[in-house]
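The values are calculated or read from the model by the stated rules, or taken from the named source; none is laboratory data. Note that this is a predicted model, so its numbers are computed, not measured. Here the Cβ positions follow ideal geometry from the backbone for every residue, glycine too, while neighbour counts run over all protein chains shown. What goes into the accessible areas is simple: the full protein's heavy atoms, side chains included, and nothing from ligands, DNA or RNA. Shrake-Rupley method; radii C 1.70, N 1.55, O 1.52, S 1.80 Å.
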Amino acid sequence: MQKYILVLVILMLGGKVFALNPVDVYEATVKIEKDTAHEYMCGLAEGDQLIFSCESERGGKLEKIEVLEYPSSLKFSDYLTSEVKPKTITITSTGIYLFRFTNAEKKPKVFRYKIQRIPAGEQTVRFNPTVYWKTATDTVWYNDGQQSTTVTDTVIHNLTDRLVKVHSKMNSGGNRTSFSFTLPQGTIAYSYYVGVNQSGSKAFADATGSLLRSTSPFISKIPGYGPLAALAMNGTSFLTTLVSGESVKYWIADALNGNLFNVEKPFKYIKYAEVVNDFSRMTAPLKGTYFICLQNENKLQSIDVTLKVTAVALRQKKIIRPIRKFRLESKSEPYLKN
């Protein structure tokens, strides 16, 4: 029984001694020219103990000595040195390791270096440290000039939104008033609303509520969207016509005739009505400045008129984008066969 135990102990000790024996990986004497670097790559297994040493053959110093896990994870470095005494580094992951010797001086340097590994166990004793190379194709994207794209946005412009007092015929200040609005560039249609006193204001508010309840959340969040925008865009506005209440005369005229109205001279108009409230979509003319002219025919009672004008315009803008192209590039990549 004691004989078997002794044999087992010898085998265990023998295995440990075997596992601790350094395995030579590479050894070389190299001449490193001025302003250059010498590199060597090899594979190392997880758990290996790397033993690395380096010394100058003629006493010169190197700018930098580095050991990296490829491509760029630094494991060891030394600067302005002529010697690295045997340095042991534990390898934490299997991979390719790069040894770089940089000579930044103006004359060549001759150095000798040695690389060994102590395997972590029998399973990595026959680990192949040779680095092989393969050619891989990579897609590289780059910008090659610019291109412009014209996009068209629909923009809502609320041009007039006010409550106007129009005095009676007996008022010393007169029973007329007017307000101008200018159509923005690119207008494709506009709409207006005229409503007298509280009933006219309420009719518009009721239409606004009905529109919001019936319209999708996306449409309702468009800036300026309301009954007049819907009307200008040929949609359902929910505006209704009132048949009873105080009335107002109104005209829509261009700038020249609007000024003639203000000085009480004969003028021409685009549209006229006498109403409790009124609304319409206009598709012509679509350029310039226009007046909404108001007149109160009540002899004693002034009126409050809700006056709103909304235009829908198309706005074009250029969007500049880079022209994206690609090319196929071949590059060499290192790999291990383990």
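Scanning segment 297-315 for residues that are over 34 Å from the mean Cα position of the chain (by Cα), assigned to a strand (DSSP E or B) and of a type in the set (A, V, I, L, M) yields I303, V305, L307, V309. Of all the residues in segment 225-245, those that are touching a helix residue (DSSP H, G or I) at 6+ places or on another chain (Cβ under 9 Å), under 27 Å from R176 (Cβ atoms) and surrounded by fewer than 20 Cβ atoms within 10 Å (Cβ to Cβ) number 4. Restricting the search to segment 177-218, which residues are assigned to a helix (DSSP H, G or I) and touching a helix residue (DSSP H, G or I) at 6+ places or on another chain (Cβ under 9 Å)? Result: F204, A207, T208, S210, L211, L212.
The single residue among K325, K331, K318, K287 that is surrounded by fewer than 17 Cβ atoms within 10 Å (Cβ to Cβ), among the basic types (K, R) and in a loop (DSSP other than H, G, I, E, B) turns out to be K287. Output the residue which, of all residues in segment 20-50 that are under 51 Å from the mean Cα position of the chain (by Cα) and of a type in the set (G, A, S), is surrounded by the most Cβ atoms within 10 Å (Cβ to Cβ). Looking at residues that are under 51 Å from the mean Cα position of the chain (by Cα) and of a type in the set (G, A, S), I get G43.
Return yes or no: is S216 in contact (Cβ under 8 Å) with a residue 24 or more places away in the chain and not basic (K, R)? When the stated conditions are applied, S216 does not pass them.
Selection within segment 158-172: residues that are within 37 Å of the chain's Cα centre (by Cα) and open to solvent by less than 60 Å² (accessible area, probe 1.4 Å). The member of this set that is farthest from G195 (Cα to Cα) is L159.
Selection over segment 119-175 of residues that are closer than 30 Å to T306 by Cα and out of contact with any helix residue (DSSP H, G or I) (no Cβ under 6 Å at 6 or more places or on another chain) gives a count of 22.
For the criterion of being over 28 Å from E333 (Cβ atoms) and either surrounded by fewer than 14 Cβ atoms within 10 Å (Cβ to Cβ) or of a type outside the set (S, T, N, Q) (or both), Y79 passes. Residues that are in contact (Cβ under 8 Å) with a residue 60 or more places away in the chain, buried (at least 17 other Cβ atoms within 10 Å of the Cβ) and of a type in the set (A, V, I, L, M) within segment 246-263 comprise V248, I252, listed in sequence order.
I'd like the residue in segment 264-284 that is farther than 24 Å from T236 by Cβ and without any contact (Cβ under 8 Å) to a residue 40 or more places away in the chain and, out of all such residues, is surrounded by the most Cβ atoms within 10 Å (Cβ to Cβ). First the steps, then the outcome.
Within segment 264-284, the subset farther than 24 Å from T236 by Cβ is 264-270, 272, 274.
Narrowing further to those that are without any contact (Cβ under 8 Å) to a residue 40 or more places away in the chain: 265-270, 272, 274.
On the way: K265: 9, P266: 7, F267: 18, K268: 11, Y269: 15, I270: 14, Y272: 11, E274: 11.
So, considering only residues that are farther than 24 Å from T236 by Cβ and without any contact (Cβ under 8 Å) to a residue 40 or more places away in the chain, the one surrounded by the most Cβ atoms within 10 Å (Cβ to Cβ) is F267.
Residue-wise test of (1) exposed (fewer than 15 other Cβ atoms within 10 Å of the Cβ); (2) polar (S, T, N, Q); (3) in contact (Cβ under 8 Å) with a residue 60 or more places away in the chain; (4) not in a strand (DSSP E or B).
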| residue | (1), (2), (3), (4) |
| --- | --- |
| F52 | no, no, yes, no |
| G59 | yes, no, no, yes |
| I65 | no, no, no, no |
| P71 | yes, no, no, yes |
| K85 | yes, no, no, no |
| T92 | yes, yes, no, yes |
| F101 | no, no, yes, no |
| K106 | yes, no, yes, yes |
| V110 | yes, no, yes, no |
